[in-house]
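The values are calculated or read from the model by the stated rules, or taken from the named source; none is laboratory data. Keep in mind that what you see is a predicted model, and the values were worked out from it rather than measured. Cβ: placed from backbone, ideal geometry, glycine included. Neighbour counts: every protein chain shown.
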Ligand SMILES: Cc1cc2nc3c(=O)[nH]c(=O)nc-3n(C[C@H](O)[C@H](O)[C@H](O)COP(=O)(O)O)c2cc1C
């Protein structure tokens, strides 16, 4: 059963432009995109992408704002906090180590945490696009716990085999890989083709 709905959580790790590009590409694919943003996520959107107000028209990066629904991260009574809300998967991008630790411990004090925990318990796809370097033992153990619980860890770690020339190319490469994981079709340049290699 297709619902054409994806949930996007944005947290306080570096990489806000990835979130904006993903929201744009999801709306271009006709996906109803439900967004919730942690307090530090809002700060990173401002620091890295000059987003002052987290309204759909500011988050969509040129895409279709009518397909974007923003949920207050403090509202644990929002629709996406419930397993009865049907969707095709959730991605947290960028995902901080703090949020990853909360998810691994099953602590749900924000809507990002709660929507992700519900996604896991309902057996839906949860993609964790973590960003931090280097990784310590705690982060690695939390990743292992989340994988055991059914999540996919997709570090924000773009490849260079297609020879990106611009930051846009790098954003679209990484976003395309996330869309693959979410099962959303796209025509972004992500596929390795040995016949075109130098
Ligand atoms: C400018 C800035 C950049 C940050 N970058 C990262 C990062 O890349 N990865 C990370 O795990 N935490 C990063 N942090 C720390 C998190 O924002 C912090 O742990 C916060 O508690 C995360 O809260 P959240 O998970 O609710 O968004 C950064 C903080 C700031 C202010």
Under 8 Å between Cβ atoms, at least 6 apart or on separate chains: pull out the pairs that start in segment 96-108 with a residue that is free of Cβ contacts under 8 Å to residues at least 12 places away in the same chain and within 19 Å of residue 82 (Cβ to Cβ) and end on any residue that is more than 7 Å from the ligand (Cβ to nearest atom) and assigned to a loop (DSSP other than H, G, I, E, B).
102/108; 102/109
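Quick one: which of 105, 101, 115 is within 14 Å of the ligand (Cβ to nearest atom) and within 14 Å of the chain's Cα centre (by Cα)?
Working: 105 fails: within 14 Å of the chain's Cα centre (by Cα); 101 fails: within 14 Å of the chain's Cα centre (by Cα).
When all the criteria are applied, what remains is 115.
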So which strands (runs of 3 or more DSSP E) are wholly in segment 1-98 and hold at least 3 residues that are modelled with pLDDT of 95 or more and within 16 Å of the ligand (Cβ to nearest atom)?
5-10, 32-37, 90-95
Selection from segment 118-135 of residues that are more than 11 Å from the ligand (Cβ to nearest atom), touching a strand residue (DSSP E or B) at 6+ places or on another chain (Cβ under 8 Å) and either without any contact (Cβ under 8 Å) to a residue 60 or more places away in the chain or part of a loop (DSSP other than H, G, I, E, B) (or both):
120, 124, 125, 126, 127, 128
For segment 144-152, does any single residue satisfy the condition of being out of contact with any strand residue (DSSP E or B) (no Cβ under 9 Å at 6 or more places or on another chain) and in contact (Cβ under 8 Å) with a residue 40 or more places away in the chain?
yes
